[in-house]
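Structure record follows, encoded as structure tokens.
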Amino acid sequence: MILKEKIAAQLPEWQERVGKLVKENGDVVVGEVNVSQIYGGMRGAKVLVTDISYVDPQEGIRFRGYAIPELLELLPKAQGSDFPLSGGLYYLLLIGEIPTYAEAMSVEEEWKSRGEVPSYALDVIRAMPADTHPMTLFSQAILAMQNDSVFAKRYQVGMQKTEYWEAMLEDALNLTAKLPAIAAFIYRKKFGDGEFVAPRADLDWAGNFAHMVGIPTQAYQDLTRLYFFLHSDHESGNASAHATHLVASALSDVYYACSAGINALAGPLHGLANQMSLKWLLSVREEFGGLPSEEQFDKYCWDTLNAGQVIPGYGHAVLRQPDPRYTAQFKFGQQFMQDDELFQLVEMAFEVIPKVLGETGKVKNPWPNVDAVSGTLQYHYGIREFDFYTVLFGVSRILGVTANAVWARALGQPLERPKSLTTRMLEEIVSQKR
Ligand code: CMX
């Protein structure tokens, strides 16, 4: 398998590089942690490492050093499409090089050969009460398949440490291969006919989601390719990535770790912002019976702020420019749904909201983030059940976190175990330093 060969070829150099860095410079101080950070969710504390993606405050996410517009040019496209094959993205995340079309297709073929969802995982979804949240179903289906973990089985019988990453890669491919089918089934079970639709042999991983969920148009296939590309990775400190990493650091396998990551993504402060943003836009449209004037929109924004609420989809903890993931989806909307009233509202929001947020004098980044538009695009094509949006995010995010998990095992990253203090200890430290 090409992924295995490429990682194996790169590994000695990485091991030497990291080993040397730690051995010769282990005592070099990278940053300090203050009391606010300890009580403030470790915001900005530099304590993690990943070479797979990096969020630049001005440019936004870079995958393996490449910015989103560059990758939209460089990554191999699905046949007859202008949008990248997810197989090519996964190759890039794992290997760090832009793949050729053949290399991207080799990942797509790996996925096809491993894509069959075990019937018991579908039965777990079927057995749950009808009002179960789609994210709960998603997490449960992933966890159910832990039973088939290659890593867990091989670990049980005794496996060399040097082989851990190979078993993680097997699990990563086996799990990611099945995600579009599982997500589509969850959608149909919750909101449709409850049927399981098998993937088509002629479609790629992302395009097949569109087929299985029941929106087989070229436009929705393309949106799915774009969506799964954009949401895949965002450094290591976000809650889903960090939860996955923490769990996997205990040598828990990919299924345990990804189920945990999905549970983190289900939180309102993480993956739910896209539905909040869409809800807010719909409330604007309802209030004015269609598109408001810019003045009316401006006033609606102030009403939201004065009611003590945030304007969802705007602002960011790290970014200081429009999120390139927003920009890519915005361009998609301009190309394919210029006549959609809700999308026109998204366009108006871009003109009005940054100005309003700027006038507050406190918002560090008044620009839109990824969530300001993603729900609107899904809504346009008929995925109107907000609760499902985070499952789509999860399908994509698992590409990033599994690529990280494979490399964490390859480089022998240890069990995570930061130290906690008591409030009394912090008070004493502060009194000694002041
Ligand atoms: N609307 C209203 N007020 C906002 C705001 C927004 N969109 N964004 C920031 N602010 C406020 C903050 O609430 C804070 O106010 P207080 O000082 O009264 O507490 C102040 O501006 C300063 O905040 P900040 O440093 O600019 O932003 P943070 O790093 O604290 O928060 C974020 C970042 C995303 C939570 C915030 O911008 C927000 O709540 N946005 C709306 C929700 C949203 O879109 N979330 C999706 C994030 C997507 C992602 O993380 O990828």
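Read the figures in this text as sums done on the coordinates, not as results from a lab. The structure presented is a predicted model; accordingly, all values stated were derived computationally and were not measured. No Cβ is skipped: glycine too gets one built from the backbone with ideal geometry, and neighbour counts run over all protein chains shown.
Below, the figures for the structure above:
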item	result
Cα gyration tensor, segment 1-62 - rounded (a/c under 1.5), prolate or oblate	oblate
Net charge over other residues, Cβ less than 11 angstrom from the Cβ of Thr50 (K, R count +1; D, E count -1)	-2
Cα gyration tensor shape for segment 82-148, rounded if a/c is under 1.5, else prolate or oblate	prolate
Cross-link pairs beyond the 29 Å C-alpha cut-off, checked among Lys299/Lys362; Lys77/Lys189; Lys112/Lys189; Lys279/Lys299; Lys299/Lys331	Lys77/Lys189
Sequence-distant residues sharing a close amide H with Lys77 (under 5 Å, placed H)	Leu85
Whichever aspartates and glutamates have a C-alpha closer than 16 Å to that of Lys364, once near sequence neighbours (fewer than 8 apart) are set aside	Asp56, Glu59, Asp323
Karplus-derived 3J(HN,Hα), 6.51/-1.76/1.60, for each residue of segment 135-144, Hz, glycine and proline x	5, 5, 4, 5, 4, 5, 4, 5, 5, 4
Note, ³J(HN,Hα) from phi for segment 286-291, Karplus 6.51, -1.76, 1.60, rounded to Hz, x at Gly and Pro	5, 4, 9, x, x, 6
Mean Cβ count within 10 Å, highest first, over the residues of peptides 168-175, 294-301	168-175, 294-301
Amide H contacts under 5 Å for Gly315, placed H, 5+ residues apart	Trp367, Asn369
Value at 222 nm in deg cm²/dmol, rounded to 500, when DSSP H runs of n ≥ 4 in the chain each add -39,500 (n - 2.57)	-19500 deg cm²/dmol
Residues with amide H under 5 Å from that of Ser53, placed H, sequence gap 5 or more	Arg64, Glu235
Ordering of 137-148, 344-355, 152-163 by burial proxy (mean other Cβ atoms within 10 Å per residue, highest first)	137-148, 344-355, 152-163
Shape call, the chain: gyration tensor on alpha carbons, a/c limit 1.5	oblate
C-alpha center-to-center spacing [segment 387-405, segment 164-229] in angstrom	12
Segment 247-296-segment 1-79 distance, computed between alpha-carbon centres (Å)	25
Inter-centroid distance (Cα atoms) of segment 100-150 relative to segment 303-321, Å	35
Listed residues Leu421, Leu92, Leu223, most fluctuating in the chain (Gaussian network, C-alpha, under 10 Å)	Leu421
Residue-by-residue Karplus 3J(HN,Hα) for segment 84-91, coefficients 6.51, -1.76, 1.60, Hz, glycine and proline x	x, 5, 4, x, x, 5, 5, 4
Most fluctuating residue given options Gly214, Gly382, Gly80, as computed from a GNM of the chain linking Cα atoms under 10 Å	Gly80
